[in-house]
Amino acid sequence: MVPTRCDSPSARLAGSATLRRTGTRQPGLWPLRALWAGVAVTVGGPLADALSGASPSVQVVAGAGAWAAWAAVLLAVSVPRAVSLTAVRIGAPGALAVALWAGVRTGDASGGLGATWAAATLAVGLAAAVGDALVDGSSYGPERRFALRTPALLLLGPVPMVVAVAVAGSVTGPLLLAAGAWAAGAVVTVVGGALAVLAGRALHQLSRRWVVFVPAGLVLHDPLLLGDPVLFRRQAVARLGPAPAGTAVTEATDVTGRAPGLVLELVLHRAATVVLVERAPGRRVARPVETERLLFTPVRPGAVLAEAASRRLPVG
C-alpha cells in the first residue's frame, strides 16, 4: 500500500460532505476493554493447562508474569494515555503469541478459542479509532490529538521485531531462573530486560506521533521525523485538505514517512521553518527547511479534517 492523494476536487467535496455528516465523534474504548478483560479467561485457562507439566516454580513465575501483564494493559486501556497505546501494541501481540503457544501445547478447543479471542483483541487494539482515543487521552483542556500513521518501512519488519524483543526480553530471563538455569537466567534477565526497555522506548516514540489541535491552531508533533513540534497558527493556514494527485516531495515538505493512507496537505500563507530529522549511520541529523506546504498522514484523516473545520480552519 502506498500513500494516497485525492485525485479530484469533486472527491474532496464528497469527503467534506461525509465529514459534516459524521463529525469527529469517536467510538468508545469499551469494546477493547471488554475483549482484554476476556483474555484472562480465554487465554489464561489454556495457558494454565499448557504449564501443567512444568515445575511449580515455573508455573508460579509464568502465572504471576501473565497476571501482571494483563493487569497493566487493563489499567492502560482504563486510563487512556499515549503510553496506553504502547502498552496495547506490546500486550495484545504478546497475548496472541501466548495463546498460540498454549493452543499448540494443549491441542484442544479451548486453545483455539483463546487464540481467536486474542486475535480479535489485537485487531480491535490496532483499530484507528482506538489509537486516536488512547492518544487523545493525553490531551490538555481544549486540545484534541489525532495519531499519525506508522511509516510503511517500519511496519514491514522493524515494528514486529521490536514487539517480539519487548515480549521475549521481559519473560525469558525470569523463566530460566525459575527453571533453575541460574547462570543463563541471570545473563538473559539483565540483557533481555535492557533490550525490552529499549524496545518499549522505541515503540513509544511511534505512539507519540500526532497532530494536535490547540486554540491557536494546530501542531505537528513527530519525534521520529521532526526535530521539534511545530505550531501553525490559524491565521497562517491557507488550506488543510487531501493532497492533490501528483503532489511531489519537491513541491511540498513530506513528513509522512511514506506511511500508507490518505495524505493531507497543509498549505500556509507564507513559508515557515520546520526541522526535519534525517538518520545517518549512527546519528541523527537535523535539517531546517523553509516550506509553505507540508504533507502528513493521520490515522483518521476524515476526523482530522472535521475537527479542523469545527475550529474554523480553512478545509478543502
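Only the coordinates and a few stated rules stand behind these numbers; no lab work does. Fair warning: this is a prediction, and the values are worked out from it, not measured in the lab. All Cβ positions, glycine included, derive from the backbone under ideal geometry; neighbour counts span all protein chains shown.
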What residues qualify as long-range amide H neighbours of V214, i.e. H under 5 Å apart, gap of 5 or more or another chain, H built at 1.01 Å from N? V219
Least to most buried among L156, L134 (fewest other Cβ within 10 Å first): L156, L134
The FRET efficiency for A109 and R33, from their Cβ-Cβ distance with R0 = 30 Å and rounded to 0.05, is 0.70
FRET E, pair D228, R312, Förster distance 25 Å, beta-carbon r, rounded to 0.05: 0.45
Is it possible to state the helix-based mean residue ellipticity at 222 nm for the chain, with each DSSP H run of 4+ residues giving -39500 (n - 2.57), the sum divided by total residues, to the nearest 500 deg cm²/dmol? What is it? -17500 deg cm²/dmol
Over all directions, what mean area does the Cα convex hull of segment 163-210 project, stated in square nanometres? 2.9 nm²
Overall Cα dimensions of segment 30-207 - principal axes, largest extent first, Å: 54, 36, 30
Full extension between A286 and A127 adds, at 0.36 nm per residue less the Cα distance, a length in nm of 54.0 nm
With only Lys, Arg, Asp and Glu charged, each at its Cβ (+1 for the first two, -1 for the last two), find how big the charge dipole of segment 209-310 is about the Cα centre; round to the nearest 20 debye. 160 debye
Please arrange T150, T116, T121, T297 by how many other C-beta atoms lie within 10 Å of their C-beta, fewest to most. T116, T150, T297, T121
Whole-number D in µm² s⁻¹ for segment 209-310, Kirkwood Cα-pair radius fed into Stokes-Einstein, 37 °C, 0.692 mPa s: 235 µm²/s
Count the DSSP beta bridges whose two residues both fall in the chain, then state the antiparallel fraction as a percent rounded to the nearest 5. 85 percent
Using 7 Å Cα-to-Cβ label points, what is the E251/A216 separation (nm, one decimal)? 3.1 nm
Dimensionless Rg/Rh of the chain, both radii on Cα and Rh by Kirkwood, sits at 1.04
Separation of the M161 and A238 label points, Cα + 7 Å toward Cβ, nm: 4.2 nm
Dipole of the chain, Cα-centred, from +1 at each Lys and Arg C-beta and -1 at each Asp and Glu C-beta, to the nearest 20 debye? 820 debye
Which ordering of S52, S170, S110, S310 is given by a fewest-first count of other beta-carbon atoms within 10 Å? S52, S310, S110, S170
Residues meeting the amide H criterion for L262 (H placed from the backbone, H to H distance under 5 Å, 5 or more places apart or on another chain) are T4
Percent of all alpha-carbon pairs of segment 77-167 at distances over 16 Å, whole number, is 61 percent
Among G185, L195, V43, which residue has its Cα furthest toward the positive end of the charge dipole of the chain, with +1 on Lys/Arg Cβ and -1 on Asp/Glu Cβ? L195
Note, ³J(HN,Hα) from phi for segment 163-175, Karplus 6.51, -1.76, 1.60, rounded to Hz, x at Gly and Pro: 4, 4, 5, 4, 6, 5, x, 7, 9, 5, x, x, 5
Sequence-distant or interchain residues sharing an amide H contact under 5 Å with D254, placed H: which? L295
